Amino acid sequence: MIGSANTGDDPADGWFPESVAAGYDSPGGANVPEVVTSVVDVLEDLADGPVLEFAVGTGRIAAPLAGRGVPVSGIELSRAMAARLASKPGGAAVKVTIGDMTTTRLAGLFSLVYLVYNTISNVTTQDGQVDVFRNAAAHLRPGGLFLVEVGLPDLRRLPPGQDIVPFAMTPGAADGGYVGFDQYDIVTQRFTSNHVTVSPDGVGRFRRIPFRYAWPAEMDLMARIAGLKLKHRWADWDRSEFTAESTKHVSIWEAGLST
Ligand SMILES: C[S@@+](CC[C@H](N)C(=O)[O-])C[C@H]1O[C@@H](n2cnc3c(N)ncnc32)[C@H](O)[C@@H]1O
């Protein structure tokens with residue numbers, strides 16, 4: 001049976017309510033020390049004064065970065081996610097504002113605004129993504145940097161007539177099971193990530209999250225609309241070269257040196 005439990009989640013927390021926030025920091029995936037350290041190393045290197053994380057979440061990155069002495073602020077939509085931050089090492093130093101990264105404007109200017117872990121794709125319209133770039137630019141001092149980390153859509157795995165790309169399947173044995181697949185609409189550039197989790201007693205949960213993909217070239221145009229210019233495009237946090245085989249990019253745009 002696939003059903004949704006009555007979790008008491010607050011709809012204002014969007015796709016990251018209490019029931020998701022509670023498990024978000026479980027070890028694994030992007031939440032392992034090697035991955036976090038590789039991200040924080042780069043951000044610390046780029047920071048030249050206060051920094052701002054858009055969609056700061058539970059502080060997976062912001063807390064350790066603040067722990068290194070970098071002044072970090074964050075904007076986050078979900079109170080449930082943000083509530084985890086203060087109890088982490090370094091987290092109490094992060095200044096979090098509950099708001100929407102497309103519109104929320106903090107006082108002051110920053111040396112770096114960053115938006116990691118595919119979260120630009122959580123904004124599901126082109127106008128909204130342009131607003132993210134514009135809002136990032138509005139927070140940057142001259143010469144400041146806007147960094148985005150985002151995966152590339154797996155469209156090369158779509159034969160004609162097919163719109164689904166599976167990305168995970170674990171057998172539903174005694175421990176339960178998990179099936180994950182993306183479903184693309186290549187006309188609107190929207191896609192959904194679909195997660196079916198089955199507990200050992202056979203009860204299932206189906207979670208479907210909407211996204212919008214944009215190619216790096218489209219993001220360069222969004223940056224240009226916002227008055228930013230591409231400075232670096234890497235394939236990953238190791239600063240390796242971005243190529244036709246890259247599955248993600250870490251891109252950095254720079255604010256003009258004259259205002
Ligand atoms: C995948 S998590 C990433 C959290 C954190 N940046 C990290 O790297 O672990 C996505 C986060 O983006 C937040 N989010 C989504 N859309 C947002 C928006 N428009 N403004 C602010 N936060 C948003 C969600 O609530 C969630 O906490």
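The values are calculated or read from the model by the stated rules, or taken from the named source; none is laboratory data. These numbers were taken from a predicted model, which means no experiment stands behind them. Virtual Cβ from ideal backbone geometry, glycine too; neighbours counted across all protein chains shown.
Taken over region 37-63, the criterion of being assigned to a loop (DSSP other than H, G, I, E, B), of a type in the set (Gly, Ala, Ser) and in contact with a helix residue (DSSP H, G or I) (Cβ under 6 Å, 6 or more places away or on another chain) is satisfied by 55, 57, 59. Only one entry in 66, 30, 12, 107 is at pLDDT below 95, over 18 Å from the mean Cα position of the chain (by Cα) and not basic (Lys, Arg), namely 12.
So is residue 127 in contact with a Leu (Cβ under 7 Å, 6 or more places away or on another chain) and either surrounded by fewer than 19 Cβ atoms within 10 Å (Cβ to Cβ) or in contact (Cβ under 8 Å) with a residue 40 or more places away in the chain (or both) or not? No. Scanning region 226-259 for residues that are among the aliphatic types (A, V, I, L, M) and surrounded by 12 or more Cβ atoms within 10 Å (Cβ to Cβ) gives 226, 228, 230, 235, 250, 252, 255. Do we find a residue being among the hydrophobic types (A, V, I, L, M, F, W, C) and near the ligand (Cβ under 10 Å from one of its atoms) anywhere in region 69-78? Scanning region 69-78 turns up at least one residue that is among the hydrophobic types (A, V, I, L, M, F, W, C) and near the ligand (Cβ under 10 Å from one of its atoms). Within region 95-116, residues that are free of Cβ contacts under 8 Å to residues at least 40 places away in the same chain and in the same structural domain as residue 235 (by TED's automatic domain parsing) reach partners that are within 13 Å of the ligand (Cβ to nearest atom) and assigned to a loop (DSSP other than H, G, I, E, B) with beta carbons closer than 7 Å, at six or more positions or on different chains, in the pairs 97/104; 97/106; 100/77; 102/123. Checked against the criterion of being surrounded by fewer than 18 Cβ atoms within 10 Å (Cβ to Cβ), touching a residue at least 40 places away in the same chain (Cβ under 8 Å), within 15 Å of the ligand (Cβ to nearest atom) and not in a helix (DSSP H, G or I), region 11-22 has at least one qualifying residue.
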